[in-house]
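> I have a structure here, written as structure tokens, and I will follow up with some questions on it.
Just so you know, all these numbers are worked out from the coordinates, no wet-lab data involved. Given the structure is predicted, the values throughout are model-derived calculations rather than measurements. Cβ placement follows ideal geometry from the backbone for every residue including glycine, while neighbour counts extend to all protein chains displayed.
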Amino acid sequence: MNRLVRRLPFVLTTLRLALAPVLLWIVRDGTAGLPYVAIILAAFVSDIFDGVIARKVGVSTAGLRRYDSRTDLIFYATAAWTLWLVHPEEVRQVAPLLAVLIALELVRPAFDIAKFGKQSSYHSYSAKTFGVAVALALILLMGFGIGGIFITIAVILGIVADIEGLTMSLMLAEWTHDVKSVFHARKLRSRGSLAAENAPL
């Protein structure tokens, strides 16, 4: 039982990965509806509890957190594509902001790989807020036809989260994971500077 519980975070993250193609299957006829909402909710719940359980049972490793970040990217990129397939007019309305978000989504991992050798996995508060906003916007638009401002807010929050993530990567000297905000990154940088100053010659 203990071994099963320890594997549960990996299973929940993999479930979210497996749900991505299901979204494409649901919108194959150009509509979404409640089945789509159910998949978004299932993915959102798995995204919450994989991290909670991982920390509680002591398996919140760097590898698992990177896997979680990549899974989020694949799932929500797929969801964005389904949004374009069903409601292209809504996507066009936020096209300039969306272009900025996509550019940041490409620049951030490229910078992280160049500096640290691998992609960051901060799971910051701003990134979590972005995730909530995206899930809410998808549910309202794809499930109930309510769009407009909710999509715009989600994209803006994504831009804010990416700018903060890039700022943290600029601030930190070494790769680390689960840095909750730029203020936490500044504390980590200060500790690193103090450690370097106090290191024996």
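> What ranking of Phe130, Phe150 emerges when the number of other C-beta atoms within 10 Å of each C-beta is taken as an exposure proxy, fewest first?
Phe150, Phe130
> Using a ≥ b ≥ c from the Cα gyration tensor of segment 68-150 (square roots of the eigenvalues), is it rounded, prolate or oblate, where a/c under 1.5 gives rounded and otherwise the larger of a/b and b/c decides, a/b for prolate?
Numbers: a/c = 2.35, a/b = 1.82, b/c = 1.29.
The shape class here is prolate.
> Among Thr61, Met142, Leu83, whose Cα lies farthest out toward the positive end of the dipole of the chain, if unit charges sit on the beta carbon of Lys, Arg (+1) and Asp, Glu (-1)?
Farthest towards the positive end: Thr61.
> For the chain, list the DSSP H helices whose alpha carbon atoms reach 15 Å or more along the long axis and whose average Kyte-Doolittle value is -0.5 or above?
The qualifying helices are 2-26, 34-57, 62-86, 95-116, 125-138, 149-171.
> Restricting everything to alpha-carbon atoms, can you work out Rg to Rh for the chain with a Kirkwood hydrodynamic radius?
On the way: Rg = 18.4 Å, Rh = 18.1 Å.
Rg/Rh: 1.02.
> Rounded to the nearest 500 deg cm²/dmol, what is the calculated helix-only ellipticity per residue at 222 nm for the chain, with -39500 (n - 2.57) per DSSP H run of length n ≥ 4?
Taken over the chain, the calculation gives -26500 deg cm²/dmol.
> Another question, if that's okay. If you count, for each residue, the other Cβ atoms within 10 Å and average over each peptide, how do 157-168, 5-16 line up from highest to lowest?
157-168, 5-16
> Now a separate question. I'd like the FRET efficiency for Ile74 and Ile163, computed as 1/(1 + (r/R0)^6) with the beta carbon distance as r and R0 of 35 Å, rounded to 0.05. List each step's numbers first, then the result.
Details: r = 22 Å, r/R0 = 0.63.
The pair Ile74/Ile163 has a calculated efficiency of 0.95.
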